[in-house]
Amino acid sequence: MPRGTLPEDYRRHVTAALAALNVRNLVLSLHDPSFPSAPGEDVGRGSPYSEGGLGFLEFARELGFNGIQLGPQGQSTEDNASPYDGTLFSRNVLNVALASLTNEESWGGLLRPERVQALVGARPGGDARVKHGYVFRAQHEALQEAWEAFQHKRARAAPGSAIAWLSGHFDTFQREHREWLERDSLYDALCTEHGRPYWKEWPSEWDRRLWSPRPGEEAAFGTRRQVLLKKYAGQVEAYAFRQFLVHSQHAALRERTAAWGLKLFGDLQIGFSPRDAWAYQGLFLGSYLMGAPPSRTNPEGQPWNYPVLDPAQYHAPPATTGMYAGVPQPGPVLWFMGLRVNKMLSEYDGLRIDHPHGLVCPWVYRAGEMNTLRAVQHGARLFSSPDLPDHPELARWAIVPPAQLDRSLPRHADGWVRELNPAQVRRYGAIFDAIIAAAQAQGRKVSDLLCEVLSTQPHPLKRVVEQYGLGRFRVTQKADLTNPQDVYRGENAAPQDWIMVGNHDTRPLWALAERWRQEGEAKAQADYLAWRLHPEEEGREELARRLLTEPGMLEQAKFADLFASRAENVMVFFADLLGMKETYNAPGTVSEENWSLRVPNDYRREYVEKLGSNAALNLPRALALALRAGGAEARARHRQLIAALERLAEELPRG
C-alpha cells in the first residue's frame, strides 16, 4: 500500500464506530493561515482555497471527519494577525490562492506563473510559521498586479472568454454587495487621505462620523459619501475586485466540501474590527466597552476594547395600527445582526457563536479608562446591574431587579442572577433569537450552531441557550480531576455539547502530556481515564498501568474519553490531530508566534511516522477504546467492529 494512504476499509469502520458511539459530528478545527501548501504555491501562509489546503481537507475526510471548523475569515491588518479582530463583511484577501490566478481557463491568467514563483522563492523562513507582515505586503502587491491585469484584459476581452465571464460576474457581485463594499473600501481611502491608519485619529470629524450622521445631517453626509466614492472610484473598484476574488474562491470551496460530505462551519466572532467600529458606530454605546471578566480561563480578565451594541436600538417602537399593533419591531441592531448572520449562513453550513455571553449578558467596563485591566476587573454585566454604585448608568438597562441577585457572589459569578421568568429570558435573548430566526430562515437546524461556552455560564445565558437545546464546550484537558462536578469532565457532557481535548487557545495535548509526566500528574490522569474507559474494577488497574508505561497511550485514552462521553459532537484541533507540540495562540499575550502555526506541508508522511510511535491521534485506536468503555455488553455487541478498529490501529503506522 503506498506510503501515506489509508486501508481500503478504514473509513467504513470509522464511520460505523462513530454511529455506534452516537457521534453526529466529528469536526476538525483549524484557521486559514494554518493550512499547508502544495509545491510551487507557498508564499508563506496557508489558505483553504489553495491546492495544498484542499488536499488537507480531503485528508481530513479520509480520516473520518465530517466537518471543518474554520476561524473568522474577515480581513486582518498588517499589524494584527488575530482573526478575531478581522472585518465582519469583507473576507480576508490573504486567503486568495495566488497560484490559481495563473490559470488561463478559469481566471484568465491574471498573474504570471513566474511572478508567483518569485514570491515563493522570496518567502522568509520555513513553512512552520506564518510571517504575517511579509505575507500581507506581498499578497497585496500581487493582488494589485492582478487587478491591473484584469483592467487591461477586460478592455479587450472577446465575448465568451474567461475574462468576459469574470467581468460579468464581477459586476453582479458589486451590485449584490454594494452597501458593505462601499463602507469597507472607503475606510481604506480615508486612511490614505488623512495619513492615519486608525479612524479615531483622522482630523475630519465628518469623515470620522461618515456613516453616523446626527438628525438633520443625513443629506450633507450623503453628499460627502458620494463625493468620496467619485474621488476614489478606482480604489473602491479595486477593493471590490479583491473581495470578488476571495468570495469566488470561497464559493468554489463550498462546492468541493459539499461534494465530499464535509460540513463547513464559520465563526461568528464577538468583536468588531476598527473598520466595522467606524462604519457602524451609530449602533454602539459610546461610554462602555466589552471584555471578559476574571474567570477560571483568564483569572485577571481581558479588556478586549470591543464596542457594545446599544440596547436602545435593539427594537423599534411598536406599530400603532394593523395586525402587528403593539408588537415590538426589530430595530437597527437586530437588522444589523440579521444582515451579518444571513451573509455568513449563505457561506457556511453552520456557525460557531464566539463568546455568546457578549450577545446575551455582556461584561462591560467604562471606556476611556487609562488602566483598562483594572477597569475590566471592576466592570459589570450590562443587563444585570440594577443598583451598582460604581455603575449607576447601567441601571436603565437592567432586566432583573435587585431582589433577583445573589449579593453573596461576585458580580461576574454564574449565579449572580438567581432566577428569571420567561419574559426576562426573552429580553436577554433578543439578539440570540435573531440569530436563531436567521438560521431557520436559511434552512439550518438549530443544532448547526455551536455555542462557545467555556468555564463560565451566567444564569441568563444558560436559560437562553437551554430553550433551544444548545449545549456548551467541554475542554477536557482543563478538567479538575478532584471535582466530580467539574464542567470540563467528559462524564458530565450532555448529548448536545461539543467536547474536545483542546482548542486554538490551549496547549496541544502532546505538549501538555509531556508536562504531566515531568510534574508527576500523569498517574492521576491515567487513573481517571482508566476509570472512564474500563467500567469494571477487574482489569482497570492494568489499563492504568498501560496508559502510564506505553508511549502515547495516555494521549490516545484522552481522545477516547471524548468518544466515550454522551456528547454527540466531537471537535479536534489540528495540532492535537497531528501530534504537534507548538502552541497556536496564547490568550492574553501579544506575540508574532500567535496565530502563525501551520500544518507541515509534508503532513501525510509526518503523520504516518508519528503514528509509528503512537505520537499522533490514532482514530481507530481511540474509537476502539471508547467502544470498550461501554462495558461487557457493548464489547460483545461490537466485538467485530472493535477487532477491525484494533487491526486498523496497527496497520496505520505502516500506511
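The values are calculated or read from the model by the stated rules, or taken from the named source; none is laboratory data. As the structure is a prediction and not an experimental result, all values here were calculated from the model. Ideal geometry is used to build each Cβ from the backbone, glycine not excepted, and the neighbour counts take in all protein chains shown. Note: areas computed on protein heavy atoms with side chains; ligands, DNA, RNA excluded. Shrake-Rupley method; radii C 1.70, N 1.55, O 1.52, S 1.80 Å.
Residues of the stretch 478-496 that are in contact with a Leu (Cβ under 9 Å, 6 or more places away or on another chain), open to solvent by less than 50 Å² (accessible area, probe 1.4 Å), assigned to a loop (DSSP other than H, G, I, E, B) and not basic (K, R): V487, Y488, A493.
All of (1) at negative phi; (2) surrounded by fewer than 20 Cβ atoms within 10 Å (Cβ to Cβ) hold for E568 with one exception: (2). Exactly one residue out of E201, E255, E237 is open to solvent by 10 Å² or more (accessible area, probe 1.4 Å), farther than 30 Å from H152 by Cβ and at pLDDT 95 or above, and it is E201.
Can R474 be described as part of a helix (DSSP H, G or I) and basic (K, R)?
no
Looking only at residues of the stretch 285-305 that are assigned to a loop (DSSP other than H, G, I, E, B) and out of contact with any helix residue (DSSP H, G or I) (no Cβ under 9 Å at 6 or more places or on another chain), we find that the one that is most open to solvent (accessible area, probe 1.4 Å) is P299. Out of curiosity, is V116 of a type in the set (A, V, I, L, M), open to solvent by less than 30 Å² (accessible area, probe 1.4 Å) and under 22 Å from the mean Cα position of the chain (by Cα)? No: the conditions fail for V116.
Of all helices (runs of 4 or more DSSP H) completely enclosed by the stretch 384-467, which ones contain at least 3 residues that are under 21 Å from Y488 (Cβ atoms)? Can you show your working first?
Details: elements: 422-428, 430-441, 459-466.
Per the criteria, 459-466.
Of the helices (runs of 4 or more DSSP H) lying entirely inside the stretch 504-619, those containing at least 3 residues that are farther than 30 Å from R11 by Cβ are 509-518, 522-533, 540-549. Candidates are the residues of the stretch 7-42 that are assigned to a loop (DSSP other than H, G, I, E, B) and either open to solvent by 40 Å² or more (accessible area, probe 1.4 Å) or touching a strand residue (DSSP E or B) at 6+ places or on another chain (Cβ under 6 Å) (or both); the one that is farthest from Q496 (Cα to Cα) is P39. Is it the case that some residue within the stretch 586-597 is among the small types (G, A, S) and open to solvent by less than 10 Å² (accessible area, probe 1.4 Å)? For the stretch 586-597, residues among the small types (G, A, S) and open to solvent by less than 10 Å² (accessible area, probe 1.4 Å): present.
Looking across V364, V308, V376, one residue alone is part of a helix (DSSP H, G or I) and within 28 Å of the chain's Cα centre (by Cα). It is V376. Going through (1) open to solvent by less than 20 Å² (accessible area, probe 1.4 Å); (2) modelled with pLDDT under 95 one by one, L388 falls short only on (2). Here L454 meets the list (1) under 28 Å from the mean Cα position of the chain (by Cα); (2) open to solvent by less than 10 Å² (accessible area, probe 1.4 Å) almost entirely, failing just condition (2). Note on the stretch 182-194: residues that are open to solvent by less than 60 Å² (accessible area, probe 1.4 Å) and either out of contact with any Phe, Trp or Tyr (no Cβ under 7 Å at 6 or more places or on another chain) or under 14 Å from P274 (Cβ atoms) (or both) total 9.
Residues in the stretch 404-461 that are of a type in the set (F, W, Y) and under 25 Å from Q313 (Cα atoms): 2 in all. Here is the figure for the stretch 399-418: residues that are more than 17 Å from T456 (Cα to Cα) and either open to solvent by 20 Å² or more (accessible area, probe 1.4 Å) or hydroxyl-bearing (S, T, Y) (or both) total 6. Scanning the stretch 315-331 for any residue that is under 26 Å from A380 (Cβ atoms), in contact with a Gly (Cβ under 7 Å, 6 or more places away or on another chain), in a loop (DSSP other than H, G, I, E, B) and in contact (Cβ under 8 Å) with a residue 40 or more places away in the chain turns up nothing. Is one or more of the residues making up the stretch 606-627 of a type in the set (S, T, N, Q), touching a strand residue (DSSP E or B) at 6+ places or on another chain (Cβ under 8 Å) and open to solvent by 10 Å² or more (accessible area, probe 1.4 Å)? No, the stretch 606-627 has no match at all. List the helices (runs of 4 or more DSSP H) that sit entirely inside the stretch 182-284 and contain at least 1 residues that are under 30 Å from D448 (Cβ atoms). Because the criterion is at least 1 residues that are under 30 Å from D448 (Cβ atoms), the helices (runs of 4 or more DSSP H) in the stretch 182-284 that meet it are 233-260, 274-279. Any chance the stretch 86-95 includes a residue that's open to solvent by 10 Å² or more (accessible area, probe 1.4 Å), touching a residue at least 40 places away in the same chain (Cβ under 8 Å), at negative phi and of a type in the set (S, T, Y)? Scanning the stretch 86-95, I find no residue that is open to solvent by 10 Å² or more (accessible area, probe 1.4 Å), touching a residue at least 40 places away in the same chain (Cβ under 8 Å), at negative phi and of a type in the set (S, T, Y), so the answer is no.
Using the structure shown, decide if R45 is closer than 30 Å to F272 by Cα, at pLDDT 95 or above and either outside any loop (DSSP other than H, G, I, E, B) or open to solvent by 10 Å² or more (accessible area, probe 1.4 Å) (or both). Considered against the rule, which asks whether it is closer than 30 Å to F272 by Cα, at pLDDT 95 or above and either outside any loop (DSSP other than H, G, I, E, B) or open to solvent by 10 Å² or more (accessible area, probe 1.4 Å) (or both), R45 comes out as yes. Residue check: A277 meets all listed conditions (1) surrounded by 21 or more Cβ atoms within 10 Å (Cβ to Cβ); (2) touching a strand residue (DSSP E or B) at 6+ places or on another chain (Cβ under 9 Å) but one, namely (1).
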